[in-house]
């Protein structure tokens, strides 16, 4: 189910095209994401190492952050972990997000590729949703969002039963969209194939 195609003629699910804009896979998240996926899907390091064509010790070093995969290995890991909502239940999730009455969107947890967004979310966008769909939103991250992203490991996000993360972001303006000042809650959701999406919701501001 999780085997990687090793054909040199196969594109990595189109992600290379998106990465020409900005690399959306942070090195700080790659190893922990790989470890979380492997544990939750009950994949042994040795089996994963054989499929990736590396040693088990190298997998261990990547997961612990003691070393970084090279560009070729990064592409293979990204192909393995990127969210692909393809089943009926996954499509139902996309429909729920798209039809939500509150500001919410769904992205691939690893690559930040946009998978779905509600009308209340896109009311602050200045381009059609189709222009951003299946593209990484990382280049639109505010300073607060970027800061929190680098803290996810310390907050337990990559643990098998990782918690929701709540934080505030300042307003950030881009030609394509505006991020309003708001309080954000992110939740990790497992898709049918064992990969992960991230639900990003605005939290109502409590009155004093």
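Just so you know, all these numbers are worked out from the coordinates, no wet-lab data involved. The structure presented is a predicted model; accordingly, all values stated were derived computationally and were not measured. When we count neighbours, we look across all protein chains shown, and the Cβ atoms used for this are built from the backbone with ideal geometry, even at glycine.
Listing 158, 167 from fewest to most neighbouring C-beta atoms within 10 Å gives 167, 158.
Against the longest alpha carbon principal axis of the chain, how many degrees, from 0 to 90 and to the nearest 10, is the axis of helix 27-40 turned? Rounded to the nearest ten degrees, it is 70.
Shape of segment 31-137 from its Cα gyration tensor (a ≥ b ≥ c, root eigenvalues): rounded if a/c is under 1.5, otherwise prolate when a/b > b/c, or oblate? Since a/c reaches 1.5 and a/b is larger than b/c, the shape of segment 31-137 is classed as prolate.
Between 0 and 90 degrees, the angle of helix 71-81 with respect to the longest Cα principal axis of the chain falls at about 70 degrees.
When both segment 84-148 and segment 172-197 are represented by their alpha-carbon centers, they are found 6 Å apart. The residues 124, 72, when put in order of fewest to most other Cβ atoms within 10 Å, stand as 72, 124. From the Cα gyration tensor of segment 88-203, with a ≥ b ≥ c the square roots of its eigenvalues, which class applies: rounded if a/c is under 1.5, or else prolate if a/b is larger than b/c, or else oblate? Oblate, because a/c is 1.5 or more while a/b does not exceed b/c.
Please work out the Kirkwood hydrodynamic radius for the chain, using every pair of different C-alpha atoms, and report it in angstroms with one decimal place.
Working: mean 1/r = 0.0559 Å⁻¹.
Taking every pair of different Cα atoms in the chain, averaging 1/r and inverting gives 17.9 Å.
When 189, 199 are arranged by Cβ crowding within 10 Å, least crowded first, meaning fewest neighbours, the order is 189, 199. For the chain, the longest principal axis of the alpha carbon atoms and the long axis of helix 88-98 meet at an angle near 30°. In the chain, helical runs assigned H by DSSP with n ≥ 4 each contribute -39500 (n - 2.57); averaged across all residues and rounded to the nearest 500, the mean residue ellipticity at 222 nm is -10000 deg cm²/dmol.
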